[in-house]
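Only one structure is covered here, and it is reproduced in the block below.
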Amino acid sequence: MAEDFLNTLEATIRERRGADPTTSYTAKLFARGRAKIAQKVGEEAVETVIAAVADDRDELVSEATDLLFHLMVLLADAGLSLDDIRAEMVRREGVSGIDEKAARKP
Ligand SMILES: N=c1c2ncn([C@@H]3O[C@H](COP(=O)(O)OP(=O)(O)OP(=O)(O)O)[C@@H](O)[C@H]3O)c2ncn1[C@@H]1O[C@H](COP(=O)(O)O)[C@@H](O)[C@H]1O
């Protein structure tokens, strides 16, 4: 169910490219460009880390949700999708043992 929802959200995010930035936060992000989107990912990552270290469960869920959303916008802006991430994860799973260097090879 969660995965289906992420697919739906991903499609919605793609639809927002070129939409009216005054009516859609996502469209506003796309209009601001890659650097701004990446900055937001960084900010949300820091807020997620702070919530985790503070052991604040509700805040961690909230910030992790913001982080995932902004990361999906960044991926969409770069022409990537969740399927690209899934494929990389599956590829890593197929790498024998825990070999970080091998996992990082394209
Ligand atoms: N999942 C999200 C989502 N998660 C977080 N956010 C927004 O991310 C922002 C994070 O808060 P911040 O305080 O960091 O950002 P901000 O101050 O609003 O913005 P900046 O001035 O920092 O740029 C908030 O404005 C949230 O509303 C989201 N905005 C939209 N979605 C989904 O994206 C889809 C498209 O929504 P629209 O863009 O509204 O059409 C819908 O399915 C929405 O549910």
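Read-outs: derived from the displayed coordinates by stated rules, not from any lab. Please read all numbers here as calculations on a predicted model, not as lab measurements. So basically every Cβ, Gly included, is an ideal-geometry build from the backbone, and we count neighbours across all protein chains shown.
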Checking VAL61, VAL53, VAL95 against a Gaussian network model of the chain (alpha-carbon springs below 10 Å), the top fluctuating residue turns out to be VAL95
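Relative contact order for the chain: what is it in percent, counting Cα pairs under 8 Å that are at least 6 residues apart?
On the way: 72 pairs, mean separation 24.0, N = 106.
Here the relative contact order equals 23 percent.
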Rounded to the nearest 10, the angle in degrees between the Cα long axis of helix 2-15 and the longest principal axis of the Cα atoms of the chain comes to 50
Working note, region 24-69: Cα radius of gyration (Å, one decimal) and Dmax (Å, whole number) are 11.7, 35
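Take LEU68, LEU75 and order them by how many other Cβ atoms sit within 10 Å, fewest up front.
On the way: LEU68 15, LEU75 18.
Neighbour counts put them in this order, fewest first: LEU68, LEU75.
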Helix 57-77: inclination vs the chain longest Cα principal axis, degrees, rounded to 10, gives 80
Ranked from fewest to most other Cβ atoms within 10 Å of their own Cβ, VAL49, VAL73, VAL90 fall in the order VAL90, VAL49, VAL73
For the chain, longest principal axis from Cα atoms; helix 82-94 axis from its Cα atoms; angle between them, nearest 10 degrees, is 10
Computed curve, the chain, Cα-only Debye sum without solvent term, log₁₀ I(q)/I(0) at 0.21 Å⁻¹, is -1.16
